[in-house]
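*Asks:* First the structure, then my questions, so here it is.
Laboratory data are not the source of any read-out in this text; all were calculated from the coordinates shown. All values reported here derive from a predicted model rather than from experimental measurement. Heads up, the Cβs are rebuilt from the backbone with ideal geometry, glycines too, and the neighbour counts pull from every protein chain shown.
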Amino acid sequence: MSGNVDIEVRVKERARPLWAKERVLTLDVLRGFALLGIMFINVYAFFNPDPRAWFSVPWASIGSAEYSYEVFKIFFIQGKFYTLFAFLFGLGFAMQLASAERRGGSFALRFLWRMMILWLIGAFHLLFIWDGDILHSYAGAGLLLLVCFGIKRLVLDKLVSLLSTTRDKAPRWLMLVLAALLLFGPQLKFGSVVYQQSQIMKAHEAGQPLTKQQQTTVDRNLKQSSPQGRVKHQELLDKTTAVFTDGSYVDTVNHRMSTTSTRLLPGMFWVTLCGIFLVGAYFGRNEYIERAAELRGGFVKLAIAGLIVGVPTSMMFVYASTAKPVDGGMFWLWLSFISKSSSALAFALMYVSIVTLSMLTPAKRWLIHLAPVGRMALSNYLIQSIIGTLVFYGFGLGLMNNISIVIQVGYVVVLFSLQMLFSRWWLARFRFGLAEWMWRSLTYLKLQPLRIKQSAPEMTQKLV
């Protein structure tokens, strides 16, 4: 009888409303933390007028301080924070799915419509605000995530229920298996292609007979590396530089329309993001963030595992990004890709663990200042892009091509601090950020209540 009472008590504690608030607060803190990390990377992209060469630091022409700072960013930040944000996106998907299951309402069509709206927001952002948009990719990957869960429910769950006498659904760990396949399968395939191309080029250089398909590969590679190909690339870069540094806003939009609109189409990056989403969805379906207090040991182990995997793979990423031996061909590009994906996921999970555990300590009083920024993540992301283009592009203050550490760090610290203050002020008066409100209203095809009408103590409780 005592054991049953203990179980009942634990169940009641697990269902406490306070725990739900703590979970939401931790997620908002994580979103704010992710947005801060993304800013440290995106600010360099604002400096660089060539979107195809973003994050290609001119290592030979910068000083030791700048060199050290950029290596630090590659090791601890680059790739890690958009991965963290993608993880949270997948976790949010699982929470929405669980909520729909409890209500017994329809989920798939509404989520599909929600992703279509996000894609439109991303397309507008990409073409009319800034080239570095990732929202349209999140939307595309979200559709793939919905397909994955549809396959699980309509195929795997039914198959398991027919074949198994002990289970009625496919195990959730299959999400992690599929995530690994989506994350690393395409990159292993790319590595195979790189190896095959290197062998074909060696055969060509040795004068060996080639098949028609092999000769096509040789011709394509020679064309890309030919003086004419390099000249064409430089001409496009010069045009891009001129438009972004001296052109008007209309010139900038027209240039984006002609050079970046194809990025809105499906690509392998959508598959990679979907893999990260699935990892987050696995955490969400198992309510790991909700149960952080009882899973302290698990989060500690996850943080250690993330460190063990992340450090060596991030070292590989730094070397592949900074060294790039000219005789390595595409191999170094492939090594950069796979080491970036591995280190990014490992560090992202480590950051999730550290922040989640810290929210159970007195450090929470400092971390909660990130929560308002996280609650308005979409609005703050768009605001960062608007301000960034006005500061660095030619139709604004024209600070492009200046990569001073002081400017980079100072810009991020000042803007993010202002966003923290603004977000707290805004959420004391309104339920959502403006972009979140618009997205929510379009999702339900009905204007949602925006202004808060409640007492001051209630508003304070909602913020903290």
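*Asks:* For the pair W113/F269, report the inter-label distance in nm, with labels modelled 7 Å from Cα in the Cβ direction.
*Replies:* A separation of 2.9 nm, rounded to one decimal place.
*Asks:* What are the ³J(HN,Hα) couplings of region 246-259, residue after residue, when phi is run through the Karplus curve with 6.51, -1.76, 1.60 and θ = phi - 60°? Round to Hz, x for glycine and proline.
*Replies:* After applying 6.51 cos²θ - 1.76 cosθ + 1.60, I find 10, x, 7, 4, 5, 4, 5, 5, 4, 5, 4, 4, 8, 10 Hz.
*Asks:* Each residue of region 289-301 in order: what ³J(HN,Hα) in whole Hz does its phi give by Karplus 6.51 cos²θ - 1.76 cosθ + 1.60, θ = phi - 60°, with x for Gly and Pro?
*Replies:* For region 289-301, the Karplus-derived couplings read 5, 4, 9, 4, 4, 8, 10, 3, x, x, 5, 4, 5 Hz, x marking Gly and Pro.
*Asks:* Sticking with this one: Quick check on packing: order 122-132, 152-162 by the mean number of other C-beta atoms within 10 Å, highest mean leading.
*Replies:* Working: 122-132: 18.7, 152-162: 13.2.
Packing proxy ranking, top to bottom: 122-132, 152-162.
*Asks:* How do the peptides 133-141, 253-261, 370-378, 112-120 rank, highest first, by the average count of neighbouring beta carbon atoms within 10 Å per residue? Please report the intermediate quantities before stating the final value.
*Replies:* Details: 133-141: 22.3, 253-261: 14.6, 370-378: 24.8, 112-120: 17.1.
Taking the mean over residues of other Cβ atoms within 10 Å, the ranking is 370-378, 133-141, 112-120, 253-261.
*Asks:* Pop out the ³J(HN,Hα) list for region 379-388 in order, Karplus 6.51 cos²θ - 1.76 cosθ + 1.60 with θ = phi - 60°, rounded to Hz; leave Gly and Pro as x.
*Replies:* Once rounded to whole Hz, the list reads 4, 5, 4, 5, 4, 4, 5, 4, 5, x.
*Asks:* If each of Q199 and T260 carries a label point 7 Å out from its Cα toward its Cβ, how far apart are those two points in nm?
*Replies:* Label at Q199, label at T260, 4.0 nm between them.
*Asks:* Bin width 10 Å, alpha-carbon pairs only: give the P(r) of the chain as whole percents, running from 0 to the bin holding the largest distance.
*Replies:* In order of increasing distance, the bins hold 4, 17, 28, 27, 15, 7, 2, 1, 0 percent.
*Asks:* Would you mind putting 170-180, 32-42, 332-342, 59-69 in packing order, based on average other-beta-carbon counts within 10 Å, highest first?
*Replies:* Highest to lowest by the protection proxy: 32-42, 332-342, 170-180, 59-69.
*Asks:* Suppose R0 equals 30 Å; then what is the FRET efficiency for R167 and E101 from their Cβ-Cβ distance, rounded to the nearest 0.05? Could you put the intermediate results ahead of the total?
*Replies:* Working: r = 18 Å, r/R0 = 0.60.
That gives a FRET efficiency of 0.95.
*Asks:* May I pose another question? Of Y67, L335, I386, which is farthest on the positive side of the dipole of the chain, counting Cα position, with +1 on Lys and Arg Cβ, -1 on Asp and Glu Cβ, and the Cα centre as origin?
*Replies:* I386
*Asks:* Using a 10 Å cut-off around each Cβ, can you sort C274, C148 from fewest to most neighbouring Cβ atoms? Each step should come with its number before you reach the end.
*Replies:* Details: C274 27, C148 20.
Ascending Cβ contact count within 10 Å gives the list C148, C274.
*Asks:* Okay, next question. Just subtract the alpha-carbon distance of T216 and A60 from 0.36 nm times their residue separation and send over the number in nm, one decimal. Don't skip to the answer; put the middle values down first.
*Replies:* Working: separation 156, 0.36 × 156 = 56.16 nm, distance 3.50 nm.
Gain in length upon complete extension: 52.7 nm.
*Asks:* Counting other C-beta atoms within 10 Å, which of V318, V218, V250 has the fewest, and how do the rest follow?
*Replies:* V250, V218, V318
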